[in-house]
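A short write-up of the structure that comes next.
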Amino acid sequence: MSPKAMNALAPAATPPELIRNFCIIAHIDHGKSTLADRMLQLTGIVDERAMRAQYLDRMDIERERGITIKSQAVRMPWESAGTTYALNMIDTPGHVDFTYEVSRSLAACEGAVLLVDAAQGIEAQTLANLYLAMENELTIIPVLNKIDLPAAQPDLFAEELAGLIGCQPEDCLRVSGKTGEGVEHLLDEIVRQMPPPVGDPNAPARAMIFDSVYDTYRGVVTYVRVIDGKLSPRERIAMMSTKATHELLEIGVSSPEPTPSDGLGVGEVGYLITGVKDVRQSKVGDTVTNSAKPAAQALGGYRDPKPMVFSGLYPIDGSDYPLLRDALDKLKLNDAALVYEPETSAALGFGFRIGFLGLLHLEIVRERLEREFNLDLISTAPSVVYEVTMEDRKVVTVTNPSEYPVGKVAEVREPVVRATVLAPKDYIGTIMDLCQERRGDLQGMDYLSENRVELRYRLPLAEIVFDFFDNLKSRTRGYASLDYDVDGEQAADLVKVDILLQGEQVDAFSAIVHKDKAYAYGVMMAGKLKDLIPRQQFEVPIQAAIGARIIARENVRAIRKDVLAKCYGGDITRKRKLLEKQKEGKKRMKMVGRVEVPQEAFIAALSSDAEAAGDKAAKK
Amino acid sequence: MPSTLPDGDPAPADGSLPDSALAGARERSFGVYLHVPFCAVRCGYCDFNTYTATELGGGGSQAAFAATAALEVELAGKVLGAAARPAATVFVGGGTPTLLPPGDLAALLDAVRATFGLEPGAEVTTEANPDSVTPEGLAALAAAGFTRVSFGMQSAVPTVLAVLERTHDPDRVPRAVAWARQAGLDVSLDLIYGAPGESLDDWRRSLDAALACAPDHVSAYALIVEEGTRLAGQVRRGTLPAPDDDDQAAKYELADDVLGAAGYGWYEVSNWARGAQHACLHNLAYWRGGDWWGVGPGAHSHVGGVRWWNVKHPTAYAQRLGAGHSPAHAREVLTEEDRYVEDVLLRSRLAEGVALRRLRPQGLEAVPSLVADGLLAAGAAQGPGGAAVLTRRGRLLADAVVHRLLGA
Ligand SMILES: Nc1nc2c(ncn2[C@@H]2O[C@H](COP(=O)(O)OP(=O)(O)O)[C@@H](O)[C@H]2O)c(=O)[nH]1
Ligand SMILES: C[S@@+](CC[C@H](N)C(=O)[O-])C[C@H]1O[C@@H](n2cnc3c(N)ncnc32)[C@H](O)[C@@H]1O
Ligand code: SF4
Ligand SMILES: [Mg+2]
């Protein structure tokens, strides 16, 4: 057991028996990045001087939000019981929206470290990933982290973990990523417990892509795990899903800086550079083979990323539209799951309809657009994909309420998710109430420990995309955690509710909702708008309607007096400046028919947090 | 003068004006505004540039004020040079001018007379608080050449006066008016409507009380919650409700009805006079883009497309003049565009309206729809000599009308 391996093994020349591929499954903030830092130090691949916290979290956005979006693989030498091994640590994304990417990372490993904060216990998303790992037959090493914390309850949570994965509580390792305690032992156990990769060195090359990252300088960097055969520099490779071929300009391993190698052999993990500029040409889950001597069969499990949540994004300043388009084109290079097409809204002007994997994905994209590209955006309420079958059997796919067909509808189908909620048992009732309100079906409930339960629900995705998570968090004082995965679709009694201002439909406010909730939605939206729309020179009726049937109405009374400018004295300059300020204010108004609607009203009405939004608008 | 000064360009230390401002001056009317920045107490709603004796540390500067302001009158004479001409109007405003002894106000008027002269029949007004005048004082002012006094009556209802933090006894107003009449002065009354807690009936009582004094002129202002005032603080904290636009609109209409029925015609959005001869010529000059020199701390001036304003604090003001410098703080030279905007903004508030020939094509185009929306009077807008004149509804929505005339 030496802290550092004296002579690391060379890539492309390492026998599979000396390789261990593992990932760390952990909830956000349970200490994955910190533990990785300690491993980088102990294995000596990052020296003390170069060390900085969260070393592997390269992208700004990850560091700030504390979320690991893009995974990476690091090769570390480790000497255990006199033998030097090559350990490949594969970082997995930690959020529900990236389940597929997680599953590919797991498929690249033989083992997983299940890292759990000893003061918190396991969270729903971790549980979901754990189940994924178990389905993939990975060897699981349960590890309790942060044992240095006074609040740590390692004994309690060791019981919980043991119950979950069917081991003994004493099998749970105990570490502190902060102090380094137990980390060497963990590295030894990885070598001891996890099986080495197996594969056929003489078969045609097959490597699975588990990540693909766009880099401004090098183009797309593709991370692969070699299953069979070997990949070598300068050879021509082929992507098995698209048959596209590329020359291998560079191949190597990250340790942790990219280091070119003579290739990658069976069981090895590393990166490829081919000069392609778009991650879509090098897709996660795809199989890489040699174009001259291709494998007969691709590795299983490939799936195109499928957007589940759609939202319209519009620049607040209409003249920013080209900037938004360029920004999306750039983001797309690094985000194979991002799909978009131009969309026009009568109310919001020119923008894009964007498909996301889920809500976090939406938030991240929106935030990057605003921050990295300096754009001010309005996003419409997130919507899911509906299949609408007409009575004439025609089927229409609706990703935007405004596409909802007119005419006789025979059936509407909506996507459904399988959701897992973990929470202290005191909140069972609260959670059940919430899921009930959201049309959920309880599938089962288990006690993870005396105190904590796992609730499994089938829920319409549409019910989750609208402030479900915020609600869950606030009603359980932050204790509940949620994970969900797409689980088919179902027929439902859905209708489209339109909002009309002075008889003109405002497309941005239309929503597809369950029949039983249409009235509530109409009343809520009409009421919100009544408070948000400033009084005009004429009365503005606000109506909510299903088809031609009005289900709610409000009225913004006509303004009777606006004459504000100072009526006395000789300070004419002040009067004129006031007038100019009002004129500026008018520029930020969108015209809906003759009605002037401030941008703030759109933002506030479309945001899920009705009260906070109302406050914000009122302050303007 | 409201107390926040706008931003502007630096003003020259000698107060000199560009030639463009002086060109053709003799064809334009000329007025003098004199700002007296002192009050006995500060009313909660007021953000005028005014100071109480305690704020100024004993009020010493109050005694010296007339002499200091006379220095600025002298400077004005020099700066205008050949463009100096007799004043058609003089308006002493505040603050509370009548806190100064009548002799001081007379001396100020004398300074104007000495430097510029007064046109025959010139209008010479002073503002006054009802509780700061006496029969003798008013007689002295009339003897010195004042022709008109404007009393800050505000309301006749004690609870409303209390919310406004006005100190005078409402019964004092008719007496003060009678004294002014005796002295031979024209009389105007200022009223404020829409104070928190004021009912429509309260307002009717105030209007009736004002009419019972038979003034020549009435100004009725909707209470504005000015930033930084005590009133603004009370509204922000919720101890007083904010004035309500609908309530103020109803009160405006009531005022227009009651005053109209009593023979007072509106000639500007907030001003009514018993016959055109009683309209305040000095204020009309503001709205018609006339020339005037504003004397005193924080006072604003306008001469031939140049607007400037003085430093606000009486001490800074006195120091500037003492050192032989202009008290101007900053100025702006209006562009063509600025002048057009101001022309539309100001003239549209008058009963005579904006002559259609003054409007640019975009403004002319807006007229028919403004007439159709009941905001401009149909009759007035007709013919080659037509004008854009606000209807009563238009007077209440004057800001929207101006925006539409300017094509926003
Ligand atoms: N006391 C203590 N804090 C830790 C430990 N490991 C991580 N942390 C802290 O927990 C927080 C989250 O750690 P991080 O490594 O970013 O978690 P990640 O989100 O899983 O990557 C940070 O504030 C760390 O400093 C540990 O072993 N002990
Ligand atoms: C220069 S002020 C002061 C005159 C005199 N000091 C007085 O208060 O009686 C002229 C008029 O402006 C009006 N005024 C002042 N502050 C106001 C406000 N915040 N809202 C509406 N009118 C106001 C009052 O009617 C006042 O009489
Ligand atoms: S008396 Fe007039 S100027 Fe003085 S504080 Fe009151 S309202 Fe303002
Ligand atoms: Mg991390």
| query | If you average the sequence gap of Cα pairs under 8 Å that are 6 or more apart and divide by the length of chain B, what percent do you get for the contact order? | reply | 18 percent
| query | Where does the longest stretch of chain A lie that holds no GluC sites (Glu not before Pro) found in a DSSP loop with 11 or fewer other Cβ atoms within 10 Å? | reply | A:138-390
| note | Once both label points are put 7 Å beyond Cα along the C-beta direction, the A:His185-B:Ser199 separation in nm becomes 8.3 nm
| remark: With label points set 7 Å from each Cα along the Cα-to-Cβ direction at A:Arg234 and B:Ala316, the distance between them in nm comes to 7.8 nm
| Sorted by Cβ neighbour density within 10 Å, fewest at the top, the residues B:Asp291, B:Asp399 | B:Asp399, B:Asp291
| remark: The distance between the Cα centres of the range A:302-323 and the range A:330-407, in whole Å, is 5 Å
| message | Explain nothing, just compute: Karplus ³J(HN,Hα) = 6.51 cos²θ - 1.76 cosθ + 1.60, θ = phi - 60°, for every residue of the range B:274-287 in order, whole Hz, x for Gly and Pro. | response | 7, x, 4, 5, 9, 4, 7, 5, 5, 5, 4, 5, 4, 7
| Cα gyration tensor of the protein assembly as shown, axes a ≥ b ≥ c as square roots of the eigenvalues: rounded (a/c below 1.5), prolate (a/b > b/c) or oblate? | prolate
| message | Given contacts defined as C-alpha pairs under 8 Å and at least six residues apart, what's the relative contact order of the range A:309-380, whole-number percent? | response | 47 percent
| said: Which residues does the label zone of A:Asp516 cover in the range A:472-487, counting backbone N under 20 Å from a point 7 Å along Cα→Cβ? | reply: A:472
| Under 5 Å between amide H atoms, partner at least 5 residues away or on a different chain: which partners does A:Leu138 have, H built in plane at 1.01 Å? | none
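For a Förster distance of 25 Å, can you work out the FRET efficiency between the beta-carbons of A:Asp485 and A:Asp376, rounded to the nearest 0.05?
0.15
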| field | Cα-based shape type of the range A:16-193, given that a ≥ b ≥ c are square roots of the gyration tensor eigenvalues and the cut on a/c is 1.5 | value | rounded
| remark: Whole-Hz Karplus couplings 3J(HN,Hα) for the range A:275-289, θ = phi - 60° and coefficients 6.51, -1.76, 1.60, Gly and Pro as x, run x, 6, 10, 9, 4, 5, 8, 8, 8, 4, x, 6, 10, 9, 9
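Pairs A:Lys561/A:Lys586; A:Lys528/A:Lys586; A:Lys515/A:Lys590; A:Lys332/A:Lys587; A:Lys306/A:Lys528; A:Lys230/A:Lys306: which are spaced more than 23 Å apart, C-alpha to C-alpha?
Details: A:Lys561/A:Lys586 17 Å; A:Lys528/A:Lys586 21 Å; A:Lys515/A:Lys590 30 Å; A:Lys332/A:Lys587 32 Å; A:Lys306/A:Lys528 33 Å; A:Lys230/A:Lys306 31 Å.
Flagged as over cut-off: A:Lys515/A:Lys590; A:Lys332/A:Lys587; A:Lys306/A:Lys528; A:Lys230/A:Lys306.
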| Taking the Cα-to-Cβ direction at B:Glu119 and at A:Ile546 and moving 7 Å from each Cα, how far apart do the two end points lie in nm? | 7.3 nm
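Apply 1/(1 + (r/R0)^6) to the Cβ-Cβ distance of B:Asp110 and A:Arg594, taking R0 = 51 Å, and write down the FRET efficiency to the nearest 0.05. Can you show the working numbers first?
Working: r = 58 Å, r/R0 = 1.14.
That pair, B:Asp110 with A:Arg594, gives E of 0.30.
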| query | Which residues' amide hydrogens lie under 5 Å from the amide hydrogen of A:Ile25, considering only partners 5 or more residues apart or on another chain, with H built in the peptide plane? | reply | A:Val113, A:Leu114, A:Leu115
| task | Indicate, rounded to the nearest 5 percent, the antiparallel portion of the DSSP beta bridges found entirely in the range A:16-193. | result | 30 percent
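What order do you get for B:His329, A:His361, A:His30 when you list them from fewest to most C-beta neighbours inside 10 Å?
Values: B:His329 20, A:His361 24, A:His30 28.
Fewest-to-most ranking of B:His329, A:His361, A:His30: B:His329, A:His361, A:His30.
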| field | Across chain B: Cys residues that no other cysteine approaches within a C-beta distance under 4.7 Å | value | B:Cys39, B:Cys213, B:Cys280
| message | If each residue of separation counts as 0.36 nm, what is the full-extension length gain between A:Lys243 and A:Ser319 once their alpha-carbon separation is subtracted? | response | 23.3 nm
| said: Given contacts defined as C-alpha pairs under 8 Å and at least six residues apart, what's the relative contact order of the range A:86-156, whole-number percent? | reply: 34 percent
| request: Could you give the size of the charge dipole of the range A:309-380 about its Cα centre, using +1 on the Cβ of each K and R and -1 on the Cβ of each D and E, expressed in debye and rounded to the nearest 20? | output: 160 debye
| request: Report, in degrees rounded to the nearest 10, the 0 to 90 angle that the Cα long axis of helix A:515-532 makes with the longest principal axis of chain A. | output: 70 degrees
| Among B:Trp179, B:Trp308, which comes first, then next, by fewest other beta-carbon atoms within 10 Å? | B:Trp179, B:Trp308
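If R0 is 25 Å, what FRET efficiency do you get for A:Glu367 and A:Lys306 from their C-beta distance, rounded to 0.05?
0.65
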| query | Residues of B:342-348, mean number of Cβ from any other protein chain within 10 Å of their own Cβ, rounded to a whole number? | reply | 2
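Every number in this text was worked out from the coordinates using simple rules, so none of it is lab data. Predicted model, so just to flag it, every value in this text is computed and none were measured. Because the Cβ atoms are built from the backbone with ideal geometry, glycine has one as well, and the counts that use them run over all protein chains shown.
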